[in-house]
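Okay, so here's the structure we're looking at.
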Amino acid sequence: MADVALRGVSKSYDGRSDVLHGIDLDVRHGEFVVFVGPSGCGKSTLLRMIAGLESITAGEVRIGGQVVNALPPRSRDIAMVFQDYALYPHKTLFENMAFGLRLRKTPEDEIRRRVMDAAKLLRIDGMLDRRPAALSGGQRQRVAIGRAIVREPKVFLFDEPLSNLDAQLRNEMRSEIKRLHQRLGATIIYVTHDQVEAMTLADRIAVLSGGHRMQYDTPDAIYHRPATTFVAGFIGAPPMNLVDCRLDGDAADLGGVRVPLASRSLAGAARGAALKLGVRPENLRLARAGADIALPAAVCLLEPLGAEVLVTLKLGAAEVVARCPAAFREPPGTPVTLYVDPSHVALFDAASGTALSAPSAH
Amino acid sequence: MAILDRVRDPGERTLAVVLLAPAFALLALIVVYPIGRIIYQSFFDARLSGGHGHRFVGLDNYRIAFHDTEFWTATWHTVAITLITVPAALVVGLGLALLANLPFRRRWPVRLALLLPWAMPLAFAGLIFAWFFHTEYGIVNDVVRRLGAGGEPTMWLLRPGWAFAAVCVTIVWKTSSFMALILLAGLTMIPRSLYEAAEVDGASHFQQFREITLPMLMPSIVVALIFRTITALQTFDIPYTMTRGGPADATETLAMLIHKTTIDYLDVGYGSTLAVAMFVLSLAVTTVYLRRLARTP
């Protein structure tokens, strides 16, 4: 296992449009880091640059302290799991998993031991003489992971490994990958566009957008203290509510409704500045508690989820979503009072989208 | 059950027969009848000049063919051309396909260049190469001279061994592009991620070719070999236009001998016998290939 360091890593094709802009990032030994972002944000390109499958336009990639920019993939001691599994269709599962070891001239009994160990771990030991075409999607993905495990590489790279699976299988495989990481203690870099995967798997998440690193932190910090409106809107389902407001003394004015911002430092925000007020759906409540302030709203839409109901409400000119108890059944148009604890509110600069003040509690 | 009932419905069956009849009739007319007619004809002495009319001779024509050195020589030339040009065209075609599959900025000029020899008529290619190999004016001797090989210019098409080699080179040039087109289609079907996985696994370019490209290309290779072998067994146009089968029958193929016997000597009975022999040869080779194809996973 090894650590990975990216320093000012950039990528451009034909010297024109930049796909990645000076990414700095450290992955610690044994850490599970997830690159997450929408399609086209550059996350897969960044992973492929670490693997050596894409050239590095500028900057430096280090694996285990060694600069690997000029090294081909086979010399980087990494293993990669691909989105389409990339299993060799003409080889049996055993041959697929043993391929990398045979190329490295590993003794045959050692190959057999490692393949059998990985196959048992992944519960595919009974089908090693089959070819990939005879397997289900989930089994193929297990083989692809097994092929990576047997190599015992310094770093595991996963490129959207679950996106070709159906929802139920995706959940199962997600838990298996998490368990695998706990068991192997491997350094893993994992790319996904699914923020649930990112939140559940990662020790740290790097949120990317438009080739920029928007935030790199623990899932908890990313969720509760988003650095930008993009992160606030991308992480969380439903995402953080973002409402336009203006700074009015020590309060945010939501068009008549004032949210006090006492004891917050809002560096650089002048009186009257255009802001965005962010609040997570679970922090909008229908019952007062503690220091909550009241916000007049009206029900627009109910989306029952069984354990709870997502209620879309009209708040001034904006629409917000609140996570309410399943018993809530007020019909659309009903006026209600929303309660929010001011310490759960995040504030962003409306123009740049950067956070001015994070919630002080969660 | 409803579906079965419908199929068993006599009306439906009649309709099916009526709809299939034109295709069967056409097939019978252009495939079954000519083959049947040739087999039938091969049992007759049917010389159109100087013979004894249309006379049933049983297996006499086959007995004559069995002792006919010209038939065995032409058969051997045909087999030799097949054994030399088919693997050579496969190797050259595979090289061209790999080249055309490289990430060129503009792919269409490469693919057009690949298509041109294939699109050219066979007789045309034969005539062009006959000029290339011309003793005095040919580009081949010119290049040989410029490379510093002195002495008398080689008489490519006038010496048996060289003429056979020249015919083979021409056939390989003409047919490699067809091989390349089929193999290129196969190459483009191999997912890029397999090569990336192999690269990460530690495979060199040669190992990637041996472990991924070749096995995954095998179905395309078998298809290309079937088509090319069948046409190689029917080789006619190129040797006919380059050498007329000469010098001294050194480049005469079975198809040329059939043509000579039937058209030049007007011996339709014996010509048919030779045609049946060629048909049997083609059928045997095709059967072997198809069995191989059925085993390909």
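The values are calculated or read from the model by the stated rules, or taken from the named source; none is laboratory data. This structure is a prediction, so every number in the text was calculated from the model and none was measured. Please note: Cβ atoms are built from the backbone with ideal geometry, for glycine as well, and neighbour counts cover all protein chains shown.
A compact table of results
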{"item": "Filtered residues of segment B:197-214 (kept if surrounded by 21 or more Cβ atoms within 10 Å (Cβ to Cβ), part of a helix (DSSP H, G or I) and at the interface with chain A (Cβ under 7 Å from one of its Cβ atoms))", "result": "B:A197, B:V200, B:D201, B:I212"}
{"item": "Among the residues listed as B:I226, B:I221, the single one being part of a helix (DSSP H, G or I), touching a residue at least 40 places away in the same chain (Cβ under 8 Å), within 14 Å of another protein chain (Cβ to nearest Cβ) and closer than 24 Å to B:L122 by Cβ", "result": "B:I221"}
{"item": "Condition broken by B:L257, with the remaining ones in (1) free of Cβ contacts under 8 Å to residues at least 60 places away in the same chain; (2) under 24 Å from the mean Cα position of the chain (by Cα); (3) in a helix (DSSP H, G or I) satisfied", "result": "(1)"}
{"item": "Residue in segment B:10-55 that is nearest to B:F279 (Cα to Cα), counting only those that are among the hydrophobic types (A, V, I, L, M, F, W, C) and in contact with an Asp or Glu (Cβ under 8 Å, 6 or more places away or on another chain)", "result": "B:A46"}
{"item": "Whichever residue in segment B:166-191 is part of a helix (DSSP H, G or I) and either within 14 Å of chain A (Cβ to nearest Cβ) or of a type in the set (K, R) (or both) and, among such residues, is surrounded by the most Cβ atoms within 10 Å (Cβ to Cβ)", "result": "B:K174"}
{"item": "Residue match in segment B:274-295 (condition: surrounded by fewer than 20 Cβ atoms within 10 Å (Cβ to Cβ) and within 14 Å of chain A (Cβ to nearest Cβ))", "result": "yes"}
{"item": "Test: residue in segment B:120-136 that is of a type in the set (D, E), more than 22 Å from B:A180 (Cβ to Cβ) and either in contact (Cβ under 8 Å) with a residue 60 or more places away in the chain or not in a loop (DSSP other than H, G, I, E, B) (or both)", "result": "no"}
{"item": "Flag for B:T235 being assigned to a loop (DSSP other than H, G, I, E, B) and in contact with a Phe, Trp or Tyr (Cβ under 8 Å, 6 or more places away or on another chain)", "result": "no"}
{"item": "Output for segment A:312-328, where each listed residue is under 21 Å from A:C245 (Cβ atoms) and in a strand (DSSP E or B)", "result": "A:T312, A:L313, A:K314, A:L315, A:A318, A:E319, A:V320, A:V321, A:A322"}
{"item": "Residue in segment A:206-224 that is touching a residue at least 24 places away in the same chain (Cβ under 8 Å), surrounded by fewer than 19 Cβ atoms within 10 Å (Cβ to Cβ), hydrophobic (A, V, I, L, M, F, W, C) and assigned to a helix (DSSP H, G or I) present", "result": "no"}
{"item": "Helices (runs of 4 or more DSSP H) fully within segment A:19-128 counting 3 or more residues that are within 10 Å of chain B (Cβ to nearest Cβ) and within 20 Å of A:S209 (Cβ to Cβ)", "result": "none"}
{"item": "A:G52 under 18 Å from B:V200 (Cα atoms), in contact (Cβ under 8 Å) with a residue 40 or more places away in the chain and either assigned by TED's automatic domain parsing to the domain that holds A:Q182 or buried (at least 20 other Cβ atoms within 10 Å of the Cβ) (or both)", "result": "no"}
{"item": "Some residue of segment B:157-165 being more than 14 Å from chain A (Cβ to nearest Cβ), of a type in the set (D, E, K, R) and either surrounded by fewer than 17 Cβ atoms within 10 Å (Cβ to Cβ) or without any contact (Cβ under 8 Å) to a residue 12 or more places away in the chain (or both)", "result": "yes"}
{"item": "Among the candidates B:V223, B:V268, residue that is buried (at least 17 other Cβ atoms within 10 Å of the Cβ) and modelled with pLDDT under 90", "result": "B:V223"}
{"item": "Total residues in segment B:137-153, condition within 30 Å of B:G245 (Cβ to Cβ), assigned to a loop (DSSP other than H, G, I, E, B) and of a type outside the set (G, A, S)", "result": "3"}
{"item": "Among (1) within 12 Å of another protein chain (Cβ to nearest Cβ); (2) among the hydrophobic types (A, V, I, L, M, F, W, C); (3) touching a strand residue (DSSP E or B) at 6+ places or on another chain (Cβ under 8 Å); (4) in a helix (DSSP H, G or I), the one test that A:I149 misses", "result": "(1)"}
{"item": "For A:C245: the one exception among (1) in contact (Cβ under 8 Å) with a residue 40 or more places away in the chain; (2) closer than 26 Å to A:V345 by Cβ", "result": "(1)"}
{"item": "Residue count for segment B:92-110, restricted to those that are exposed (fewer than 12 other Cβ atoms within 10 Å of the Cβ) and part of a helix (DSSP H, G or I)", "result": "2"}
{"item": "The listed residue being closer than 22 Å to A:M173 by Cβ and of a type in the set (D, E), out of A:D109, A:D129, A:D125", "result": "A:D125"}
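Here is a yes/no grid of residues against (1) of a type outside the set (G, A, S); (2) at pLDDT below 95:
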position	(1), (2)
A:E160	yes, yes
A:R170	yes, yes
A:H181	yes, yes
A:G185	no, yes
A:E197	yes, yes
A:D203	yes, no
A:A206	no, no
A:G210	no, yes
A:R225	yes, yes
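For (1) in contact with a helix residue (DSSP H, G or I) (Cβ under 9 Å, 6 or more places away or on another chain); (2) in the same structural domain as A:R271 (by TED's automatic domain parsing), each residue gets a yes or a no:
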| site | (1), (2) |
| --- | --- |
| A:H181 | yes, no |
| A:L184 | yes, no |
| A:I189 | yes, no |
| A:M199 | yes, no |
| A:R204 | yes, no |
| A:A221 | no, no |
| A:V243 | no, yes |
